[in-house]
Amino acid sequence: MTQPPDQPPQQDGFGAPQMPGQPPQAPQPGYGYPQQQPQQPGPYAQQPGPYGAPPQQPPYGQPPQPGPYSQPQQPGPYGAQPSGPYPQQQGYGYPPPPFPGAPGTPPPGGSRNPFKGKPALVVGAAVAALLVIGGTVFAVTSGDDEGGKKPVAKESDDGKATASESPVNPGDGSGDGGEESEDFNADRKAGEAKVLWYKEAPDAPASGADAPGMWITSKAAVKAAYKEVVAYNIADGKPTWSTISLPQKVCAVTPQKTADDKIVIAYMSGTSDRAKCNQLQQIDLATGAQGWKATVEDGKLFDSAASISLSLAGNTLMVGRSSSGTAYDVRTGKKLYDTQKYGEDCFPSAFAGGTKLIAVSSCDALGANEHDEVQELDPATGKVKWTQKFDKGWRVERTYSVDPLVVYSTNDDKKAWNISTLKPNGTFRSQVGFDEEFAPECGFAILTRDLTGCTGTAADANTLYLPTDAKSGANEIVAIDLSTGKEKWRVKSPTEEAMQPVKVEGGNLIAYVEPSYDTAGRVVAIPTAGSAHTPKTVMQLPKSTIDIEDGFYSPDLAWVDGRFYLSSTRLTGNDDSKEKLMLAYGK
């Protein structure tokens, strides 16, 4: 089996990296990403290798694998195929399955997460038509369906939260009825964690509602749900500040918070079919004070604010729309700059924040050379630090990590996916180069790309950690060397349930082992260095909350200062029983 080069050379945007002085090698069968239903070669036609090298016949009807420099998106709906995202080159791609179950696209599991592992939906011509002309205006409005007038952003009238507080179960039976009044710690066994508090979700409409974001500060756990933003004391669950009630439902949030605990959320402009996700509200997580408000207006033709994305990098808020982005000072709401159309009809409109600001552009969307490009921007000025072009047909879907930058891309035509790592200067560093089905938790993104919409992944400077898709029972976490794309080590879940990465902390990978019908979940620490990677339980969750723990819908997870938090990211609107919102454990 031919292995990809350990250190691919720098790219100039015109082809997959090749080892200097060596002719490229044809893709090899069985090498690459998880192959779904290998017995069905059908839709995965063989692709010729680089420079016309004849394709290899895949064994047992397996579709050929793309090269190390062209695997399509995260474990996505398809799989990997020959022909990678790197410029004009077929590389060593890896063909994946066409439907749920492809690498990283496990089937829904129980009540925990009906969308587990499914990648972003690929939108057809309608969305492609949106990726045309950019430019946006930022203005304060009354929040009606039409967007209102255009005065500048300003502070809200009183800067204070006003909504009523809702009950929380502190875990000792002092709640207001139902599960909220159950004493979860009454029969706590030795070695089990303490239930610090539990919160049920607000009523949602029958059509469901989003509950995005979870921000943990030194004092509060803050959550958005439907039309509310709530905050609870991390130790006892008592409201830290009054619940914020919003005029309409929440539709986007900044996954990150600033160093001084500020976030921005977006809510709908109304309830009609013309309503847009364009109303912005800054919130201070420490006090609940509502800062500046603003409206993101439509830009030029086909540049809609019907759906937006929000990202934070330092003190820069980046708002992404269908074909443009606008940056603002998150402290004041002052506009900083617009992302500009460049080159071959390239429109920077999808963004990932954190320690860096990453932009993804759709180029020549309606032309013969349709492709994506990735850039790093200076958050303060918008200046482009570097640009990396991906091959025709490859769509950048997710960033598994921003620093280091790990990108998941897909190729709809080839039913292929790819995971690649970029160096600080934007050149390709490596690409995952072995056959595996991964299963991170990824939500749906339709009108806008949610680059940071995946959980169940973690990374440090040199290693990416991904959960495998076991379909049922115990899975594994694989440590992938970001310098070579090869496997470093793997470890199996300590129980018969799935395990997923949460974060890297103090030389350990912190992971969550899901509960079964009669066994509670647990938090484990896996040493990242050395030769022993045995999971050590650092928090055994109590049996008293198995049903609640197992009932979170598409859960978000956080491990902060020795406490473990679960929260729902979507409310179904089911009136038959109270939905779960947040659950906190400690010692």
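The values are calculated or read from the model by the stated rules, or taken from the named source; none is laboratory data. Just so it is clear, the model here is predicted, and its values are computed rather than measured. Cβ placement follows ideal geometry from the backbone for every residue including glycine, while neighbour counts extend to all protein chains displayed. Just the protein is used for accessible areas: all its heavy atoms, side chains included, with ligands, DNA and RNA removed. Shrake-Rupley method; radii C 1.70, N 1.55, O 1.52, S 1.80 Å.
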Check: Do the conditions hold for S554, that is, is it out of contact with any Gly (no Cβ under 7 Å at 6 or more places or on another chain) and polar (S, T, N, Q)?
Finding: no
Note to self: Being within 30 Å of S207 (Cα to Cα), at pLDDT 95 or above, assigned to a strand (DSSP E or B) and open to solvent by less than 10 Å² (accessible area, probe 1.4 Å): is that true of L509 here?
What the structure shows: no
Next item on the list: Of all residues in region 164-207, count the ones that are farther than 17 Å from I234 by Cβ and modelled with pLDDT under 60.
Entry: 11
Note to self: Yes or no: region 270-283 includes at least one residue that is modelled with pLDDT under 95, under 26 Å from K227 (Cα atoms) and in contact with a helix residue (DSSP H, G or I) (Cβ under 9 Å, 6 or more places away or on another chain).
What the structure shows: no
Next item on the list: Could you give me the residue pairs with C-beta distances under 9 Å whose first residue belongs to region 418-436 and is over 18 Å from K356 (Cβ atoms), whose second residue is open to solvent by 10 Å² or more (accessible area, probe 1.4 Å) and basic (K, R) wherever it lies, and which are 6+ apart or on separate chains?
Entry: S430/K486; V432/K486; G433/K486; F434/K486
Notebook entry, point to check: Using beta carbons and a limit of 6 Å, which pairs, at least six apart or on different chains, have the first residue in region 241-263 and among the β-branched types (V, I, T) and the second one in a loop (DSSP other than H, G, I, E, B) and open to solvent by 60 Å² or more (accessible area, probe 1.4 Å)?
Noted result: T243/E165; I263/K257
Next item on the list: Kindly indicate whether T537 is in contact with a strand residue (DSSP E or B) (Cβ under 6 Å, 6 or more places away or on another chain), open to solvent by 40 Å² or more (accessible area, probe 1.4 Å) and modelled with pLDDT of 95 or more.
Entry: yes
Margin query: Can you say whether A266 is open to solvent by 10 Å² or more (accessible area, probe 1.4 Å), of a type in the set (A, V, I, L, M) and either more than 20 Å from L571 (Cα to Cα) or at pLDDT 95 or above (or both), as far as the supplied structure shows?
Written below: no
Notebook entry, point to check: Can you find even one residue in region 326-333 that is buried (at least 24 other Cβ atoms within 10 Å of the Cβ) and in contact with a Pro (Cβ under 7 Å, 6 or more places away or on another chain)?
Noted result: no
Checklist line | Flag if Y337 is hydroxyl-bearing (S, T, Y) and free of Cβ contacts under 8 Å to residues at least 60 places away in the same chain | finding: yes
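Yes/no matrix, rows are residues, columns are (1) within 26 Å of G530 (Cβ to Cβ); (2) at pLDDT below 90; (3) open to solvent by 40 Å² or more (accessible area, probe 1.4 Å):
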position	(1), (2), (3)
F444	no, yes, yes
T452	no, no, yes
G456	yes, no, no
N462	yes, no, yes
K471	no, yes, yes
E476	yes, no, yes
I480	yes, no, no
Next item on the list: Residues being open to solvent by 20 Å² or more (accessible area, probe 1.4 Å) and closer than 19 Å to I548 by Cα: count how many of those fall in region 183-209.
Entry: 10
Checklist line | Members of region 410-426 found to be open to solvent by less than 10 Å² (accessible area, probe 1.4 Å) and out of contact with any Asp or Glu (no Cβ under 6 Å at 6 or more places or on another chain), listed by number | finding: N411, A416, W417, N418, I419, S420, T421, L422, G426
Next item on the list: Starting from region 561-586, keep only residues that are in a strand (DSSP E or B), then list their pairs with residues that are open to solvent by 40 Å² or more (accessible area, probe 1.4 Å) and at pLDDT 95 or above whose Cβ atoms are within a distance under 7 Å, requiring at least 6 positions of separation or different chains.
Entry: L571/Y226; A584/R563; Y585/K194; Y585/R563; G586/K194; G586/R563
Item checked: Complete set of residues in region 220-250 that are over 20 Å from T572 (Cα atoms), among the hydroxyl-bearing types (S, T, Y) and part of a loop (DSSP other than H, G, I, E, B) -> T240, S242, T243
Item checked: Checklist (1) crowded, with 19+ Cβ neighbours inside 10 Å; (2) on the phi > 0 side of the Ramachandran plot applied to D261, failing item -> (1)
Next item on the list: For V524, state whether it is open to solvent by less than 10 Å² (accessible area, probe 1.4 Å), of a type outside the set (K, R), touching a residue at least 24 places away in the same chain (Cβ under 8 Å) and over 20 Å from K578 (Cβ atoms).
Entry: yes
